[in-house]
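The values are calculated or read from the model by the stated rules, or taken from the named source; none is laboratory data. Predicted, not measured: the structure shown is a model, and the values here were computed from it. Please note: Cβ atoms are built from the backbone with ideal geometry, for glycine as well, and neighbour counts cover all protein chains shown.
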Amino acid sequence: ADVMEERKLFPFFDCAYQGFASGDLDRDAQSFRTFVDRGFETLCAQSFAKNFGLYMNVKSQITLLVRGNYSNPPVHGARIVGKVLNDPQLNQEWKNCIKLMSGRIQDMRKTLRDNIEKLGTPGKWSHITEQIGMFSYTGLNGQQIKHLVENYHIYLPKDGRISLSGINTNNVEYVAKAINDAVNQFP
């Protein structure tokens, strides 16, 4: 906040994964509140697509095709969010689900790191458990990523970001072995 104030910058917060970092909605919004409490004029883009599960691959693609045919976006998702946020029982159930999902992601981070280190994979892997959220930047290079895609069908963007929500107890060893192989093949 000090740097933003010193440089006269306008803070913009993108809050798409609230609750997934720590499992606590209030804690994950603390940075935004800090800026507001300090008197900043700020903007926050709040999306409930991820933490309410209000998205689908097909729907997003169809929406691109038909967007020009209507001027008002659908309100179904907004109504669901409004109902859950305003009903104490539903709200608590949602918060419990967020905490559960966050915990599962943290467990997968730890399990993935443990498996990679157990294999003796060259490099430091502490960043996997030090990062937060649904994704982890693996630190893998282009050749290593290509090796994962072509030989193991593990798909990562070129920046090496991996979705931890796609890793589970049934495939975490496979992912760790694949990363180990890629790092050893292309140091």
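Starting from residues that are among the small types (Gly, Ala, Ser) and under 19 Å from Pro122 (Cβ atoms), keep the ones in region 146-187 and report whichever is surrounded by the most Cβ atoms within 10 Å (Cβ to Cβ). Only one residue tops the list, namely Ala182.
If you go through region 120-128 one residue at a time, do you hit one that is in a helix (DSSP H, G or I) and outside the structural domain of Ser22 (by TED's automatic domain parsing)?
The initial filter retains those residues of region 120-128 that are in a helix (DSSP H, G or I), namely 127-128.
Next, from what is left, pick out any that are outside the structural domain of Ser22 (by TED's automatic domain parsing): 127-128.
Looking for residues that are in a helix (DSSP H, G or I) and outside the structural domain of Ser22 (by TED's automatic domain parsing), one finds at least one in region 120-128, hence yes.
Residue count for region 154-181, restricted to those that are over 19 Å from Arg109 (Cβ atoms) and modelled with pLDDT of 95 or more: 1.
Return yes when Gly103 is surrounded by fewer than 17 Cβ atoms within 10 Å (Cβ to Cβ), assigned to a helix (DSSP H, G or I), among the small types (Gly, Ala, Ser) and at pLDDT below 95 and no when it is not.
yes
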